[in-house]
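*Asks:* If you scroll down you'll find the structure; I have some questions about it.
The values are calculated or read from the model by the stated rules, or taken from the named source; none is laboratory data. Keep in mind the model is a prediction, meaning the values are calculated, not measured. Quick reminder, even Gly has a Cβ in these numbers, built from the backbone with ideal geometry, and neighbours come from all protein chains shown. Each accessible area value is taken on the protein alone, full model and side chains, heavy atoms only, with ligands, DNA and RNA left out. Shrake-Rupley method; radii C 1.70, N 1.55, O 1.52, S 1.80 Å.
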Amino acid sequence: MNAREMKDRLREGIAERAGLRARVRALEAEVQENRQLNRRIAELTDVVAELLIPLEERDTKRVDEVLERYRKGL
């Protein structure tokens, strides 16, 4: 392998690493977004669970409290 070929391979390796770094940053951002969505789903699940019992018992005051707390959290 001559010097020119080595230089070309080195440039390709550097470009490939830069591409991988960019991809890792994009994946990290997507993971963070996924975490936020999962947290939101968990919060909504909690609200639904809190509402099911008061609704069954016809406790409208408790339903209103849960909904108000949920709305404040938005």
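*Asks:* Quick one: length gained pulling residue 48 to residue 18 fully straight, 0.36 nm per residue minus the C-alpha distance?
*Replies:* Values: separation 30, 0.36 × 30 = 10.80 nm, distance 4.53 nm.
Roughly 6.3 nm would be gained on extension.
*Asks:* Can I ask one more? In whole Hz, with x marking every Gly and Pro, tabulate ³J(HN,Hα) for segment 9-18 from phi via Karplus 6.51 cos²θ - 1.76 cosθ + 1.60, θ = phi - 60°.
*Replies:* 5, 5, 4, 4, x, 5, 5, 5, 4, 5
*Asks:* Ok, one more. Considering all alpha-carbon pairs of segment 1-54, what whole percent are spaced by more than 19 angstrom?
*Replies:* On the way: 862 of 1431 pairs.
Within segment 1-54, distances greater than 19 Å cover 60 percent of Cα pairs.
*Asks:* For the chain, what % of the accessible area comes from carbon and sulfur atoms, probe 1.4 Å?
*Replies:* Working: 3680 of 6710 Å².
Answer for the chain is 55 percent, counting heavy atoms of protein chains only.
*Asks:* Could you go through segment 31-47 in sequence order and give the Karplus-derived ³J(HN,Hα) for each residue, using 6.51 cos²θ - 1.76 cosθ + 1.60 with θ = phi - 60°, rounded to whole Hz, and x for Gly and Pro?
*Replies:* 5, 4, 4, 5, 4, 5, 5, 5, 4, 5, 4, 4, 4, 5, 4, 4, 4
*Asks:* Given a Förster distance of 25 Å, report the FRET efficiency between residue 69 and residue 36 from their Cβ-Cβ distance, rounded to the nearest 0.05.
*Replies:* Values: r = 20 Å, r/R0 = 0.79.
Efficiency, from the Cβ-Cβ distance: 0.80.
*Asks:* So if I place +1 on the C-beta of Lys and Arg and -1 on the C-beta of Asp and Glu, and nothing else carries charge, what would the dipole magnitude of the chain be about its Cα centre? I want it in debye, nearest 20. Each step should come with its number before you reach the end.
*Replies:* Values: 17 positive and 16 negative charges, 141 e Å.
Its charge dipole is roughly 680 debye.
*Asks:* May I ask for the net charge around residue 70, where only other residues with Cβ less than 12 Å from the Cβ of residue 70 are counted and Lys, Arg are +1 while Asp, Glu are -1? Walk me through the numbers before you get to the answer.
*Replies:* Details: positive: 40, 69, 71, 72; negative: 43, 46, 50, 64, 65, 68.
Within the 12 Å Cβ shell, the charges total -2.
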